[in-house]
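Asker: Quick one: structure below, then a few questions.
The values are calculated or read from the model by the stated rules, or taken from the named source; none is laboratory data. Given the structure is predicted, the values throughout are model-derived calculations rather than measurements. Backbone-built Cβ (ideal geometry, glycine too); neighbour counts: all protein chains shown.
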Amino acid sequence: MKRKSFNRNAVLAAVMLGISSLSLTGCGQKTSEEHVLAARQFVEAKDNPSAIIEYKSAIQKDPEDPDARFELGQLYLQQKDFAAAEKELNRALDLGYEVSEVLPLITRAYQETNSEVALSEINHNVDGLTPVKRAEVTYYKLEALLRLEKTKEARILLDDIAKIDTLSVYKGLSLALGKVLDDDYEGALQAINTLHKQAPLNKDVLMQQARLNMYLRNLDAAVTAYDAYLDVAPDDTETKFILTAILMDAKRFADAAPLVDDLLEKSATNPLLNQFKGVIEAREGNFSVALKHLETAIQNGRNDPLARLLAGFSAYQLEDYAATTRHLSMIASDLPPSHAALRMLANSLLQQGKNEEATDILARVDGEAENDAMLFSKAGYQLLQSGNVVDAKAMIEKSVPIATSAEDLTRIGVLQLSINDAEGLVNLEAAVERAPELTMGQQTLANAYIATRQFDKALEVAENWQKAEPQNAQPWLVKGQVYLAQQNYEAAEAAITKAEALDSNSIKAKIQRVSLAMVQKQPQQALDAINQALTIDPTDQASLALLYIVQKQTGKANEAVNTIQEVVARHPDEDVPKTILARVYLAEKRVADGIELIEQVKLNDDTPDLYWDTRGRLLLAGSRINEAKAHYEAWLNEQPNHKTAVLGMTMILDLQSRFQNGVELTAGFLE
């Protein structure tokens with residue numbers, strides 16, 4: 001028989017597998033002592049996570065092993081896991097580990113976990129403690145007694161400390177605290193400063209130095225000491241927080257900023273930190289970031305007035321008037337009269353159309369600030385628009401005594417004229433006298449004079465305006481308007497020509513020329529002027545309307561309709577041409593076409609006023625009474641005192657035989 005051969009590699013593999021199995025089996029049978037030895041090797045190799053696993057394995061094997069407990073507690077202390085260190089060191093003591101070895105370590109753990117009661121009960125007189133260690137242990141015990149306000153026990157302990165034969169900095173710290181106990185804070189700080197020279201990097205010295213300087217209001221010295229402390233103990237989040245609060249309170253925002261950022265990385269939703277961040281960002285003008293952090297602070301329970309005030313201010317700078325209102329309304333009742341935040345809140349309410357609420361806020365504003373006249377007049381204007389004439393008059397009256405600038409006087413003058421208050425002319429005259437270059441004031445005053453047929457005064461305004469602005473076409477158009485009203489057509493022609501020479505793109509000049517041509521029965525010249533205006537702006541409302549009127553008079557209405565249709569086709573996003581064409585369709589009795597077109601107009605803040613009247617008339621002409629009623633109700637909601645809206649609604653009520661409702665609506669308008 002042939003002897004069976006063996007594969008040498010296979011045999012070696014089998015042997016190695018056996019050795020490996022024996023090795024693994026042996027490892028699984030490690031004793032507690034072997035785990036401790038392995039842990040020590042890992043500590044020496046600076047592999048603390050593996051060391052902790054080995055120590056825990058040793059304790060699992062032998063829960064009564066004091067060595068494993070002590071060494072694990074010691075390692076936890078190095079890892080800054082003070083609660084775990086406290087637990088293991090206490091167990092080591094219970095299992096009989098040498099007290100003098102455990103006491104300095106567990107004292108440190110108690111100190112880090114703020115376990116004052118446990119610290120105050122430590123037996124500092126145990127045998128085996130070196131003088132240096134005894135000084136350290138008694139210092140922490142003394143601190144705990146002082147925090148617990150056990151002054152009698154503290155004084156007894158100080159007597160023991162004074163007898164310790166050592167030059168340890170901790171004995172010096174304890175004696176310095178003895179001076180604090182005697183209310184000698186200056187002496188305590190002097191002693192601490194001496195110790196600082198001896199041990200400049202000792203964190204307990206630095207902490208006491210910071211606290212004493214803070215107590216004595218030596219702010220810069222306190223901040224320096226806290227900074228030095230954090231260089232030594234960078235992971236002390238509590239102290240970092242304290243320093244941050246000190247810097248914020250001292251308005252040292254640039255110094256606080258990096259601390260705030262660091263702390264937010266650890267606690268992103270902390271309300272106070274987010275408020276700090278909001279303050280810092282708001283001061284830098286980063287209002288969007290500021291608002292985000294301030295709202296985070298508020299959402300997490302920080303509801304003090306400062307957070308609301310800063311959130312409202314930041315939102316106001318971003319023109320987020322809803323957010324401004326949301327935050328400032330929460331604290332408005334607590335703000336003193338005429339506080340700047342009340343003005344911001346009032347303006348935000350006005351921006352949102354909440355006119356009555358704004359009026360209530362403005363009642364608490366005394367009118368001393370620079371922009372109060374503008375704020376009051378703005379409120380008056382919006383109240384008028386909403387139909388609240390009584391409150392509007394009150395706002396106007398409140399703004400009159402404090403109006404100083406030409407702009408303020410102009411605004412108030414216009415408002416007064418809108419409620420038939422003749423004092424409006426006086427304020428407009430004052431505005432023009434103060435600022436002859438103010439176009440709005442000059443134009444408004446001239447219009448007021450023309451409307452009241454005070455033509456000489458209107459011409460005087462134009463003359464003075466020309467002297468102030470000789471290259472401005474507007475004064476010439478004022479003259480042209482006066483001359484047309486006086487039927488002085490030759491002078492009107494000269495004024496219009498002069499205005500066109502100064503501003504060839506003035507649509508107002510072209511429209512005025514149309515008026516001149518029409519009163520002189522020159523339709524072709526009127527049409528030429530209209531076409532020139534449409535060349536400047538094909539979508540101009542007055543020019544398109546006049547085109548139809550002039551062409552209608554010459555029997556060429558269809559040509560006007562075709563032209564306006566082309567404008568609508570070329571400018572599909574413009575609402576003005578659509579509204580004019582719908583109005584033309586109404587005049588041409590093409591009601592269905594008019595309704596179809598007017599429904600394409602988007603209702604928004606830029607919608608022309610002509611839209612409301614045109615759509616209402618078209619719906620009535622089409623016998624769509626319910627839709628017309630809803631339309632006029634919406635119009636009155638937007639403009640309660642608009643005469644055409646009132647008349648349209650009255651007509652509908654009359655058609656529905658609701659005569660009493662019509663009388664009430666008309667009476668309300670007449671009031």
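Asker: Mind listing just one residue for me: the one in the stretch 143-168 that is among the basic types (Lys, Arg) and exposed (fewer than 15 other Cβ atoms within 10 Å of the Cβ) and, of those, farthest from the chain's Cα centre (by Cα)?
Answerer: Looking only at the stretch 143-168, we keep the residues that are among the basic types (Lys, Arg), and these are 147, 150, 152, 155, 163.
Retained after the next criterion (residues that are exposed (fewer than 15 other Cβ atoms within 10 Å of the Cβ)): 147, 152, 155, 163.
On the way: Arg147: 42, Lys152: 53, Arg155: 54, Lys163: 61 Å.
Restricting to residues being among the basic types (Lys, Arg) and exposed (fewer than 15 other Cβ atoms within 10 Å of the Cβ), the top hit is Lys163.
Asker: Further question: Looking at Val478, is it surrounded by 20 or more Cβ atoms within 10 Å (Cβ to Cβ), under 28 Å from Leu610 (Cα atoms) and under 47 Å from the mean Cα position of the chain (by Cα)?
Answerer: On the way: surrounded by 20 or more Cβ atoms within 10 Å (Cβ to Cβ): yes; under 28 Å from Leu610 (Cα atoms): yes; under 47 Å from the mean Cα position of the chain (by Cα): yes.
When the stated conditions are applied, Val478 passes them.
Asker: Does any residue in the stretch 518-529 that is more than 11 Å from Gln551 (Cβ to Cβ) come within less than 7 Å, Cβ to Cβ, of a residue that is surrounded by 13 or more Cβ atoms within 10 Å (Cβ to Cβ) and charged (D, E, K, R) six or more places away or on a different chain, and which pairs are these?
Answerer: Ala529/Lys510; Ala529/Arg513
Asker: From Leu619, Leu653, Leu610, Leu603, grab the single residue that is in contact with a His (Cβ under 8 Å, 6 or more places away or on another chain) and modelled with pLDDT of 75 or more.
Answerer: Leu619
Asker: Filter the stretch 595-635 down to the residues that are farther than 16 Å from Pro572 by Cα and touching an Asp or Glu at 6+ places or on another chain (Cβ under 6 Å) and list them by number.
Answerer: Leu619, the sole residue that qualifies.
Asker: Continuing with the same structure: Quick check on my filter: what residues within the stretch 345-374 are modelled with pLDDT of 80 or more and either hydroxyl-bearing (Ser, Thr, Tyr) or over 17 Å from Leu335 (Cβ atoms) (or both)?
Answerer: Hits for the stretch 345-374 are Ser348, Gln352.
Asker: For residues in the stretch 299-356 being small (Gly, Ala, Ser) and outside any helix (DSSP H, G or I), which is surrounded by the most Cβ atoms within 10 Å (Cβ to Cβ)? Before the answer, list the steps.
Answerer: In the first step, residues of the stretch 299-356 are kept if they are small (Gly, Ala, Ser); the result is 301, 307, 311-312, 314-315, 322-323, 329, 332-333, 338, 340-341, 346, 348, 353.
With outside any helix (DSSP H, G or I) added as a condition, the list becomes 301, 329, 338, 353.
Details: Gly301: 11, Ser329: 16, Ser338: 14, Gly353: 12.
Residue satisfying both the conditions and the ranking: Ser329.
Asker: Let me ask something additional. When you go through Ala592, Ala526 one by one, which is the residue that is under 30 Å from Leu636 (Cβ atoms) and of a type in the set (A, V, I, L, M, F, W, C)? Break it down stepwise before answering.
Answerer: Numbers: Ala526 fails: under 30 Å from Leu636 (Cβ atoms).
Answer to the selection: Ala592.
Asker: Condition test on Arg211, is it closer than 25 Å to Leu259 by Cβ, out of contact with any strand residue (DSSP E or B) (no Cβ under 8 Å at 6 or more places or on another chain) and not in a helix (DSSP H, G or I)?
Answerer: Working: closer than 25 Å to Leu259 by Cβ: yes; out of contact with any strand residue (DSSP E or B) (no Cβ under 8 Å at 6 or more places or on another chain): yes; not in a helix (DSSP H, G or I): no.
Answer is no for this residue.
Asker: Take the residues in the stretch 522-538 that are farther than 19 Å from Gln481 by Cβ and not in a helix (DSSP H, G or I), then tell me which one is nearest to the chain's Cα centre (by Cα).
Answerer: By that ranking, first place goes to Asp537.
Asker: So Ala569 passes all but one of these: (1) surrounded by fewer than 23 Cβ atoms within 10 Å (Cβ to Cβ); (2) in contact (Cβ under 8 Å) with a residue 12 or more places away in the chain; (3) hydrophobic (A, V, I, L, M, F, W, C). Which condition number does it fail?
Answerer: Of everything listed in (1) surrounded by fewer than 23 Cβ atoms within 10 Å (Cβ to Cβ); (2) in contact (Cβ under 8 Å) with a residue 12 or more places away in the chain; (3) hydrophobic (A, V, I, L, M, F, W, C), Ala569 misses just condition (2).
Asker: Looking only at helices (runs of 4 or more DSSP H) that fall completely inside the stretch 118-183, which ones have 1 or more residues that are closer than 18 Å to Leu105 by Cα? Don't jump to the end; show me each part of the working.
Answerer: Values: elements: 131-147, 151-162, 169-181.
Hits in the stretch 118-183: 131-147, 169-181.
Asker: So, in the stretch 610-626, exactly how many residues are loosely packed, with under 15 Cβ neighbours inside 10 Å and among the acidic types (Asp, Glu)? Full working, then the answer.
Answerer: Of the stretch 610-626, the ones loosely packed, with under 15 Cβ neighbours inside 10 Å are 623, 625-626.
From what's left, among the acidic types (Asp, Glu): none.
Total satisfying the criteria: 0.
Asker: Residues of the stretch 180-222 being of a type in the set (Ser, Thr, Tyr) and either in contact (Cβ under 8 Å) with a residue 60 or more places away in the chain or more than 24 Å from Ala250 (Cα to Cα) (or both), which ones?
Answerer: Initial filter on the stretch 180-222 (of a type in the set (Ser, Thr, Tyr)): 185, 194, 215.
Selection gives Thr194 alone.
Asker: Can you tell me which residue in the stretch 572-583 is surrounded by the fewest Cβ atoms within 10 Å (Cβ to Cβ), limited to those that are under 39 Å from the mean Cα position of the chain (by Cα) and touching a residue at least 24 places away in the same chain (Cβ under 8 Å)? Explain how you work it out, then say what you get.
Answerer: As a first pass, look at the stretch 572-583 and keep what is under 39 Å from the mean Cα position of the chain (by Cα): 572-576.
With touching a residue at least 24 places away in the same chain (Cβ under 8 Å) added as a condition, the list becomes 574-576.
On the way: Glu574: 14, Asp575: 21, Val576: 23.
Here the residue is Glu574.
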